[in-house]
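I have placed the structure first, in the form of C-alpha cells, so that the comments after it can refer back to it.
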Amino acid sequence: MRDVARDQTDGSYFCRVSALLFMSFSVEGFVNDLLMRTRPATWNRAREFFRQGEYRGTSGKLRYLLDEFDVSYVRGARPFQTVVALLKRRHLFVHPTTEKQSGELRIQTGQQAPPPSNKLARIAEPAFLARAHHDVELLCDKLQSAAYEKEGHPVVTSALAFNGPMGWLARWS
C-alpha cells in the first residue's frame, strides 16, 4: 500500500493511512503474540497489568518485552521512538476528536473527496511511513531474535519477526 500511495496522486492519502494502520496492527499483533507465547502468566493478567503504570498500553507491552529479553534501546530515539509515534498516530486515527473548520466542500457525483485538511491529514506522511517501515522491522527483529535465543523453538519459532507460524518468511519489500 505504501508503494501504491507513492505512485498515486489521487487517493494516495487513503492508501497511506491504510499502510499506517496495518503497520500498527502488525506491531500490536506481534507484541501480543510474543507476550502470549513467552510470558503466559503476564498475558493472562494483561488487562490489569498493562492498564496503568510504566508498561501501559501497547508501547508499554513492547517496553516490557524489551526489558524482559534484555534488548537495549533508547526510549527517546529511533527505532523505539518511531514505533511509539506510529502507535500514537494510529490512536489519533482510531479515536479522533472533532476539529472545527469553516467553508463548504462541494463534490461532484462520482468524484472522490480530497483528503481532510486537519491533523488526520498529517498522520501518514510518506517520509514517516518509510521511517516507520524500517524501524518497526528493525526493532521487532531485534526483540524476536533475543526471544528466540532465550526461549528457543518451539516457544518462539523464528529468529526474525513477521515470519509465519510455519516458518514462511513474510517480509515487506
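Details
- Per-residue [θ]222 nm for the chain (sum of -39500 (n - 2.57) over DSSP H runs n ≥ 4, rounded to 500): -17500 deg cm²/dmol
- Column: log10 I(q)/I(0), Debye, Cα scatterers of the chain, q = 0.10, 0.17 Å⁻¹: -0.46, -1.08
- Unit Cα scatterers, Debye sum, region 16-85: log10 I(q)/I(0) for q = 0.16, 0.21, 0.23, 0.26 Å⁻¹: -0.57, -0.95, -1.10, -1.28
- Using the Cβ-Cβ distance between residue 74 and residue 108 with R0 set to 41 Å, the FRET efficiency from 1/(1 + (r/R0)^6) comes to roughly 0.20.
- Prolate/oblate/rounded label for region 44-87 (Cα gyration tensor, a/c 1.5): oblate
- Sites matching trypsin sites (Lys or Arg not before Pro) across region 28-103 that sit in DSSP coil, with at most 16 neighbouring C-beta atoms within 10 Å: 45, 51, 56, 75, 100
- Rounded to the nearest 20 debye, dipole of region 51-169 from Cβ charges on Lys, Arg, Asp, Glu: 560
- Computed over all pairs of different Cα atoms, the Kirkwood value for the hydrodynamic radius of region 78-163 is 16.1 Å.
- Among 77-85, 103-111, sorting by the average number of other beta carbon atoms lying within 10 angstrom of each residue, highest first, gives 77-85, 103-111.
Read the figures in this text as sums done on the coordinates, not as results from a lab. This structure is a prediction, so every number in the text was calculated from the model and none was measured. For neighbour counting, all protein chains shown are included, and Cβ atoms are generated from backbone atoms with ideal geometry for every residue, glycine included.
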